[in-house]
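A short worksheet on the structure shown next.
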Amino acid sequence: MSQMGGGQVMVMNVQSKREHGRKAQMGNIAAAKAVADTIRTTLGPRSMLKMIIDAMGGIVITNDGNAILREVDVSHPAAKSMIELSRAQDEEVGDGTTSVIVLTGEVLHCALPFMQKHMHPTVVIRGFTEALKAAVEECAAVSIGVDRADHAAMKQLLTSCVGTKFSDRFSSTVVELAMGAVETVATTKRDGGQEVDIKRYAKVEKIPGGEVEDCRVLKGVMINKDITHPRMRRKIKNPRILLLDCSLEYKKGESQANIEMSREEDWELLLRAEEEWIEKTCNAIIKHKPDLVITEKGVGDLTQHFFVKAGITCLRRLRKTDNNRVARSCGATIVHRVEEIKEADIGTKCGLYEVKKIGDEYFSFIVDCEAPKACTILLRGGSRDVLNEIERNLHDAMNVARNVYVDPRIVPGGGATEMAVSRALLNRAKTIDSVLQWPYKQIAVALEVVPRTLAQNCGANVIRVVTNLRAKHAEDSPQVKTWGINGETGKMIDMKELGIWEPLAVKVQTLKTAVEAACLLLRVDDIVSAQRQKSSQGRLAKPGEGGGPMDEHGIGGDV
């Protein structure tokens, strides 16, 4: 709205919902705090589980921050932004999804007094940014190196990651699975660095039934496929494997075509031409003497007949991702045309091909491979819910192992790093003369939320424990930097004794994501809602006219 010559000119639709200035900033802070409070109880080894009914009516039981928030229906834009943070953290480092939300909510809560005193947001943001730089430097100073070849140290690191999860009682099994998968998939790049692509080359297969102790990492790949013909071999030792992504059945036209024939012999000629093409294609494959042919497309009945005569086993309609894993594990190359097959394209590094029945389904095992660079993680468990939660925990453990392979530095857990960084920031803040000193100090105060929440979730006396920990870190000694909260008992302890460590990459990413996201939300001074919602009558409602029930922070919305 603006005024020209004394009259009012309406620029925006009067029915658009708009918040601006301090009101928008306060609303963003309240929404972010509400999201953080929702999952605060899921932090640490004594965390609680959340039961969520998703949009399809399925039940999700988990304490994984990202898994919870992606199922929660929110309408406030700041709350949606917070949920994106958890997803970004999960994709980047795979762990710390709950910590990043809790820390972001606390940083914004610490910015609230400055907004109420009408301090300009850019001044607050400048102070936060300076504090973030110092915090990252202090994290690097607290960190220590770890030897990737030291299995005991790596297992202890992964155990501290799995210790906060639902599968804590199966921690030894999950740790072994994560270690085995990452060691299998890891490759050395040309520059000497490590590349660990667990997303593409470590596939998790969940099969209900059996016990959790039956879970294992296969030295190869398992595929949910059976042979195409009952007379094909179901077990082959040291098979020669050929991978194709072309069809092994007669090509049909893209569009519908009609053929008129005046003689009966013409029909026989057409059938013979089709058979000759298939026979020629099969002969091009058979001359290379493969034992197992796998294709991403279809395999016709006549092709199967020729393969059975030649003693070749065949699998069809394999996913591209599965085909890539098979290629990587057995040393084969995916061929696009049968005329281009060379001896070098045949995979010979597989020790055993076998078809097994597990439960009600048949699975093909391509295992005992020589130095496989892809693997399948076979998960067994009592129910689908247990398997889903173990898979989420395994995903976090594998990402932690991957982070250490890429950057082999670790920091103490249990809130010890946060308290050490907080103490360092308070000391540095005394050297700042300008008004930036106050926002700078508030980052130090916000970092205490992690040890405070750990103590709170295991029922300890929060004020006493955090005050004692603060006093411990005030001692001028490098040994106190590893003191934190024992998440099981709520007492102070040296993390070196307890053996709780976290990768530096996770900690730094958590700090960066939390502070930068808080700065982003503090910069917003105007929220215009132009989105239309469906009213109860089924028509598109005007902005602000109806919609589902929600609280004052916009959490809830249409269900």
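The values are calculated or read from the model by the stated rules, or taken from the named source; none is laboratory data. None of the values given here were measured: they were computed from a predicted structure. Cβ placement follows ideal geometry from the backbone for every residue including glycine, while neighbour counts extend to all protein chains displayed.
Taking the options 105, 94, name whichever one is at positive phi and not charged (D, E, K, R).
Selected residue: 94, the only one of 105, 94 that is at positive phi and not charged (D, E, K, R).
Take segment 358-408 and flag every residue that is crowded, with 20+ Cβ neighbours inside 10 Å, under 16 Å from residue 187 (Cα atoms) and among the small types (Gly, Ala, Ser). Of everything in segment 358-408, those that are crowded, with 20+ Cβ neighbours inside 10 Å, under 16 Å from residue 187 (Cα atoms) and among the small types (Gly, Ala, Ser) turn out to be 374, 401.
Among the residues in segment 499-507, are any at pLDDT below 90, assigned to a loop (DSSP other than H, G, I, E, B), assigned by TED's automatic domain parsing to the domain that holds residue 83 and not β-branched (Val, Ile, Thr)? Yes. Screening the candidates 174, 162, 212 for the property of being surrounded by 23 or more Cβ atoms within 10 Å (Cβ to Cβ), within 30 Å of residue 319 (Cα to Cα) and modelled with pLDDT under 90 yields one hit, 174. Of the residues contained in segment 229-236, none is found to be modelled with pLDDT under 85, within 24 Å of residue 319 (Cβ to Cβ) and loosely packed, with under 12 Cβ neighbours inside 10 Å. Taking residue 251 as the residue in question, decide whether it is closer than 19 Å to residue 350 by Cα and surrounded by fewer than 19 Cβ atoms within 10 Å (Cβ to Cβ). Considered against the rule, which asks whether it is closer than 19 Å to residue 350 by Cα and surrounded by fewer than 19 Cβ atoms within 10 Å (Cβ to Cβ), residue 251 comes out as no.
Evaluated against (1) in the same structural domain as residue 45 (by TED's automatic domain parsing); (2) surrounded by 22 or more Cβ atoms within 10 Å (Cβ to Cβ), residue 438 falls short on exactly one condition, (2). On the given criteria, is residue 475 in the same structural domain as residue 114 (by TED's automatic domain parsing), surrounded by fewer than 22 Cβ atoms within 10 Å (Cβ to Cβ) and in contact with a Cys (Cβ under 9 Å, 6 or more places away or on another chain)? No, not satisfied. Annotation for segment 266-273: no member residue is assigned to a helix (DSSP H, G or I), within 20 Å of residue 200 (Cβ to Cβ) and not aromatic (Phe, Trp, Tyr).
Scanning segment 63-82 for residues that are of a type outside the set (A, V, I, L, M), at pLDDT 85 or above and either buried (at least 19 other Cβ atoms within 10 Å of the Cβ) or not assigned by TED's automatic domain parsing to the domain that holds residue 515 (or both) turns up just one, 81. In the set (1) farther than 25 Å from residue 181 by Cα; (2) in contact with a strand residue (DSSP E or B) (Cβ under 6 Å, 6 or more places away or on another chain); (3) without any contact (Cβ under 8 Å) to a residue 60 or more places away in the chain, the condition left unmet by residue 299 is number (3). For segment 271-300, a residue qualifies if it is hydrophobic (A, V, I, L, M, F, W, C) and closer than 14 Å to residue 339 by Cβ, and the qualifying residues are 277, 282, 284, 285, 286.
Rundown of residues vs (1) small (Gly, Ala, Ser); (2) assigned by TED's automatic domain parsing to the domain that holds residue 312; (3) outside any strand (DSSP E or B), yes/no style:
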residue: 324; (1), (2), (3): no, yes, yes
residue: 339; (1), (2), (3): no, yes, yes
residue: 391; (1), (2), (3): no, no, yes
residue: 403; (1), (2), (3): no, no, yes
residue: 421; (1), (2), (3): no, no, yes
residue: 424; (1), (2), (3): yes, no, yes
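Residue pairs whose Cβ atoms lie under 8 Å apart, sitting 6 or more positions apart in sequence or on different chains, and linking a residue in segment 385-399 that is small (Gly, Ala, Ser) to a partner that is part of a helix (DSSP H, G or I) and at pLDDT 85 or above, are 397/174; 397/175; 397/177; 397/178. Just one of the listed residues (432, 493) is within 20 Å of residue 156 (Cα to Cα), assigned by TED's automatic domain parsing to the domain that holds residue 46 and not in a helix (DSSP H, G or I), and it is 493. Taken over segment 160-214, the criterion of being in a helix (DSSP H, G or I), touching a Gly at 6+ places or on another chain (Cβ under 7 Å) and farther than 14 Å from residue 400 by Cβ is satisfied by 212 alone.
Residues checked against (1) at pLDDT below 85; (2) assigned to a strand (DSSP E or B); (3) among the aliphatic types (A, V, I, L, M); (4) closer than 25 Å to residue 105 by Cα:
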| position | (1), (2), (3), (4) |
| --- | --- |
| 15 | yes, no, no, no |
| 31 | no, no, yes, yes |
| 55 | yes, no, yes, no |
| 60 | yes, yes, yes, yes |
